[in-house]
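Here the structure comes first, spelled out in structure tokens, and everything after it is commentary.
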Amino acid sequence: MVSGNNAWRGQGVEALAAGNWTLDTWTWQRTGLLMWHQSDLWFSINSFYDAGTGQQQCWYVNFQLPYRRTALGFDTFDLFLDLVVTPDLTQWKWKDEDEYAQARRVGVVTDAIHHRVEHAREQALSMIRSYHGPFRPDRRRPVWSPDPSWSLPDLPRGVLHTP
């Protein structure tokens, strides 16, 4: 769904519920991003960085279905709800709760999924409060970054076609 356009985002939830959607290409811009995924969690933890300075802008907890490995990498499904956290972990705010509620109303987020998300909310907050996982002080700065001379990879042929 188009980020930053609330009218389109609302229509996107309805279209998704109706099965009227397609995959498309999109190039990440403006920030650096380091993602932390664990296969049994209903969220990923992302760290956004200023692309020019490398300064961390925020932590971003993205609620999603646990990922599953595929021949091309891994697949997941965004569950609309996000948690934005300050770099020092002292403040956070929920994001897109309206979209999440709409997804529940139209059946994209079922009651069973909702119960898992509620548990995941508490799990993510617990990790933040206890400095667990990537929030540990010794892990807060990335230890890896891509070689600046690397070019952007091309997606494999057929990757945007769903079965």
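Tally time: how many residues in the stretch 24-37 are surrounded by 11 or more Cβ atoms within 10 Å (Cβ to Cβ) and not in a strand (DSSP E or B)? Lay out the reasoning, then the answer.
Filtering the stretch 24-37 for residues surrounded by 11 or more Cβ atoms within 10 Å (Cβ to Cβ) gives 31-37.
Next, only the ones that are not in a strand (DSSP E or B) stay: 37.
Going through the stretch 24-37 one residue at a time, the tally reaches 1.
Among the residues of the stretch 37-74 satisfying the criterion of being of a type outside the set (Val, Ile, Thr) and in contact with a helix residue (DSSP H, G or I) (Cβ under 6 Å, 6 or more places away or on another chain), which is farthest from LYS93 (Cα to Cα)?
If we filter the stretch 37-74 for residues that are of a type outside the set (Val, Ile, Thr), which is where we start, we get 37-44, 46-52, 54-60, 62-69, 71-74.
Then drop every residue that is not in contact with a helix residue (DSSP H, G or I) (Cβ under 6 Å, 6 or more places away or on another chain), which leaves 42-43, 63.
Numbers: TRP42: 18, PHE43: 16, PHE63: 14 Å.
If we take residues in the stretch 37-74 being of a type outside the set (Val, Ile, Thr) and in contact with a helix residue (DSSP H, G or I) (Cβ under 6 Å, 6 or more places away or on another chain), then TRP42 is farthest from LYS93 (Cα to Cα).
Among the strands (runs of 3 or more DSSP E) confined to the stretch 38-151, the ones with at least 2 residues that are modelled with pLDDT of 90 or more and within 19 Å of VAL13 (Cα to Cα) are located at 56-64, 78-85, 92-95. For beta carbons closer than 6 Å, sequence separation of 6+ or different chains, a first residue in the stretch 57-74 that is touching a residue at least 24 places away in the same chain (Cβ under 8 Å) and a second that is among the hydroxyl-bearing types (Ser, Thr, Tyr) and outside any loop (DSSP other than H, G, I, E, B), the qualifying pairs are TRP59/SER47.
ARG157 meets each of the listed conditions (1) under 22 Å from LEU33 (Cα atoms); (2) surrounded by fewer than 10 Cβ atoms within 10 Å (Cβ to Cβ); (3) among the basic types (Lys, Arg) apart from (1).
The values are calculated or read from the model by the stated rules, or taken from the named source; none is laboratory data. Predicted, not measured: the structure shown is a model, and the values here were computed from it. All Cβ positions, glycine included, derive from the backbone under ideal geometry; neighbour counts span all protein chains shown.
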